[in-house]
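Taking it in order: structure first as structure tokens, then the write-up.
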Amino acid sequence: MIDTQCISVTHPSGLYITDDYIVTHNTAFALNVAKYAGIELKKKVLVLSLEMSREQVVQRLLCAEARVDSHRVRTGYLEPKDWPRLTNAAGRLAEAPIFIDDTAGLTVLEARAKARRMKAEHGLDLVLIDYIQLMRGRASMENRQQEISEISRALKAMAKELRVPVVGLSQLSRAVETRPTREHRPQLSDLRECVAGETLVVLGDGRRLPIRELVGTAPEVLAVSPDGKIVTAKSEKIWLVGVRTVFSLRLASGRVIGATDRHRLLAARGWRTVSELSVGDRLGIARRLPEPAFPDSWTDLRVALLGQLIGDGSYLIHQPLRHTTSSMENSRIVAEAAREEFGCDVKRYAGRGSWHQLLISGNGNPWHPDGLNRWFRELGIFGQRSYEKRVPEAVFRLSNRQIALLLRHLWATDGTIAPRANGTGSHSVSYSTNSPGLASDVAALLLRLGIVARISSAKKGNYRPSFFVTVSGATDQHCFLEAVGAFGPRVPQAERLRALLSPRTNTNVDTLPAEDFERVRELMRARGISTRRMAALRGTAYGGSAHFKFAPSRPLLAEYAEILRDEELYARATSDLFWDRIVAIQPEGEEEVFDLTVPGPACWLADGIVSHNSGALEQDADLIIFLYRPERYKETSEIPPDQQNLAEVIVGKQRNGPTDTVRLTFIPQYASFENRVESDRQPY
């Protein structure tokens with residue numbers, strides 16, 4: 001692990017981060033700050049040491065101030081010249097207003113209470129906490145990352161309330177050491193976990209917008225609660241991070257997310273960075289997206305017309321609006337809607353066989369658009385070619401009923417509802433398009449109805465690839481027929497499929513991670529329940545360990561939860577998450593990346609994929625400092641003599657001032673950072 005410090009030293013109410021890549025040097029640096037503030041500036045300092053005892057803290061302060069080798073002090077092998085130094089240093093420390101509290105496992109509320117009491121009794125100018133990861137947050141937090149995010153925000157609030165700087169040490173991962181180059185100097189981007197600019201953020205009003213378009217805003221987004229339920233939460237900040245290397249993760253459902261290697265996603269064993277994930281791992285995505293609390297409403301004719309024209313319509317610039325179909329029902333609803341909703345003139349032109357085309361006129365002109373022309377421009381889809389077609393953003397604000405209506409008419413154009421032939425193969429419910437964006441939109445609309453569809457593609461020769469949105473499994477296909485239904489040419493097909501679908505649900509599609517069985521077995525061991533006994537309690541035949549060698553269904557895990565009386569298992573069995581599988585991870589080069597933070601749930605939905613809260617420590621900090629020592633990454637022979645024991649204090653961020661790098665010398669025998677001009681002299 002990398003030792004990283006949250007430090008607030010130069011301005012009251014400021015929280016700052018220091019990132020140290022050498023074990024123990026973080027404490028050394030922070031104690032140097034405390035020693036200087038207490039002895040030289042006579043400031044009142046409170047040290048909350050959760051890691052070291054007060055005796056250890058005093059010893060380190062004493063050795064640094066006396067300039068005596070700390071190893072000789074610990075072992076007792078002191079030289080005669082050490083005694084006067086230690087005596088004089090002890091006198092200076094005794095007069096310094098430095099207070100040390102070594103209570104373990106503090107909460108932020110307890111730390112704030114101690115700081116408030118000291119301020120009331122003695123005054124207070126600086127608080128030092130060693131370190132954040134040893135503090136305790138609320139027991140209800142889902143994981144440690146969320147807990148640390150909550151603690152960092154609470155420390156920021158404490159600094160603001162008490163109007164004193166807060167020095168809080170923290171630990172982050174050693175991602176800097178995995179760089180392919182030999183440049184290990186830390187930088188601000190090492191603290192961030194980011195996503196690509198095209199990542200779609202699912203908003204509380206139903207829309208999906210690229211994160212790059214949300215920079216500087218704080219919209220309500222969809223997130224996942226600790227018990228696995230999809231909830232609405234207020235985002236705090238969305239911002240551009242910079243240019244970073246991005247990796248693309250493709251899931252079996254066809255969903256894709258681009259993120260940096262440190263970005264965390266919800267895996268079967270909890271939050272994992274992209275670098276920790278492998279092909280075959282399962283990730284959590286939403287099983288259903290909630291309907292907006294206050295959905296928009298259109299006339300049903302307008303919704304039906306949009307679905308028909310997205311599927312079989314042409315609305316290119318400088319060309320008349322057209323609809324081509326072989327279905328009398330489809331052309332009838334289009335003509336009716338165009339006339340009644342927009343007052344258009346509709347003429348029919350016969351084609352080959354039953355195919356015919358509707359020409360829709362009365363839509364104004366390029367300078368004064370009217371009717372359908374104006375509506376499609378307002379929706380932002382006018383002029384789209386077939387491979388560019390999208391479902392308008394405004395559609396996602398509609399109610400579930402009207403979304404189902406739009407899908408019904410889309411399926412009436414390029415959709416398929418095909419019962420298996422001759423009793424072989426599988427039933428097919430799918431939608432085809434050569435627009436990848438439209439395929440993604442259709443899958444997202446289906447998710448509003450609780451249907452997790454899969455997106456696949458196929459390419460023939462030099463033609464553009466075709467994309468297929470497939471509803472698989474008897475459960476989802478039955479849900480499709482009930483929620484979406486069928487229109488026009490798809491009605492007979494839907495009726496045949498409905499008659500053939502088995503009333504039994506298919507548990508092989510919406511399964512839970514096999515890792516959930518670990519919790520089951522752990523509880524069985526704790527309660528003394530053997531595998532044979534569990535089989536008897538469930539009323540099934542004994543099968544040994546084979547019971548736990550497959551991915552469990554939701555009803556099965558719920559059954560175990562009921563027998564074992566475990567709320568965690570029940571929450572997993574009834575969560576709003578579908579466990580998708582990673583099928584590919586590949587680098588995509590460098591591009592602009594963005595961060596989004598959501599207090600509370602500390603996560604958000606990236607087009608349905610559960611994505612972790614980003615950059616909480618960095619966002620809370622007013623000043624970020626990195627400590628870097630080149631000799632820890634290079635051979636001694638590679639370092640010039642005048643660079644020995646060099647320590648760089650890199651100010652990566654400062655909210656109220658410039659950033660820069662300050663060169664110090666680290667004296668290892670004293671565990672002390674000192675000004676380079678002074679400390680370059682050999683100790684006497």
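Readers should treat all values here as calculations from the given coordinates under stated rules, not as data from a laboratory. The structure displayed is predicted, hence computed values, not measured ones. Glycine gets a Cβ as well: all are built from the backbone with ideal geometry, and neighbour counts include every protein chain shown.
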Whole-Hz couplings from phi, Karplus 6.51/-1.76/1.60, listed for segment 556-561; x for Gly and Pro
5, 5, 5, 5, 4, 4
Mean shadow area of segment 553-593 over all directions, Cα convex hull, nm²
4.9
Under the rule a/c < 1.5 gives rounded, and otherwise a/b versus b/c splits prolate from oblate, where does segment 471-614 land using the Cα gyration tensor?
oblate
Determine the dipole magnitude for the chain: charges of +1 sit on the beta-carbon of Lys and Arg, -1 on that of Asp and Glu, nothing else is charged, the reference point is the Cα centre, and the result goes in debye to the nearest 20.
1400
Can you give me the long-range amide H partners of Y542? Hydrogens built in the peptide plane at 1.01 Å from N, cutoff under 5 Å, separation of 5 or more residues or another chain.
none
Using Cα atoms only, what is the angle between the long axis of helix 25-35 and the major principal axis of the chain, expressed in degrees (0 to 90) to the nearest 10?
60
What do you get for the angle between helix 144-162 and the principal long axis of the chain? Use alpha-carbon atoms, 0 to 90 degrees, nearest ten.
60
Loop sites in segment 262-356: chymotrypsin sites (Phe, Trp or Tyr not before Pro), DSSP, at most 13 other Cβ within 10 Å:
W355
Mean-position separation - Cα centroids, segment 212-230 and segment 575-602, in angstrom:
13
Two-site label geometry, E198 and L316: point separation in nm, points 7 Å out along Cα→Cβ
2.3
Hey, got the dipole for segment 300-500? About the Cα centre, +1 on K and R Cβ, -1 on D and E Cβ, debye to the nearest 20?
500
What is the projected area of the convex hull of the Cα atoms of segment 254-411, averaged over all directions, in nm²?
13.1
Amide H neighbours of G450 under 5 Å, at least 5 residues apart or on other chains, H built in the peptide plane: list them.
L289
Taking the Cα centre of segment 268-401 as origin, work out the dipole magnitude from +1 charges on Lys and Arg Cβ and -1 charges on Asp and Glu Cβ, in debye rounded to 20.
380
To the nearest 0.05, how large is the calculated FRET efficiency for R532 and V231 if R₀ is 35 Å and r is the Cβ-Cβ distance?
0.30
Kindly state, to the nearest 0.05, the FRET efficiency for K459 paired with E213, given R0 = 35 Å and r defined as their beta-carbon distance.
0.70
Under 15 Å from the Cα of K81, which aspartates and glutamates turn up, not counting those fewer than eight places away in the same chain?
E65, D69
Kirkwood Rh and Cα Rg combined as Rg/Rh, segment 300-500
0.97
How large are Rg and Dmax for the chain when calculated on the C-alpha trace, in angstrom?
31.8, 110
Once the dipole of the chain is set up from charges on Cβ (+1 Lys and Arg, -1 Asp and Glu), the residue from the list A335, I582, T217 lying farthest towards its positive end is A335
Unit charges at the beta carbon, dipole of the chain: most positive-side option, W367, V58, L664:
W367
Relative to the longest principal axis of the C-alpha atoms of the chain, give the angle of the C-alpha long axis of helix 82-95, reported between 0 and 90° and rounded to the nearest 10°.
60
Percent of all Cα-Cα pairs per 10 Å bin for segment 429-537, counting from 0 up to the last occupied bin, reads 12, 29, 25, 17, 12, 5, 0
Going down the table (K459/K549; K35/K160; K347/K460; K347/K389), which pairs top 28 Å between alpha carbons?
K459/K549; K347/K460
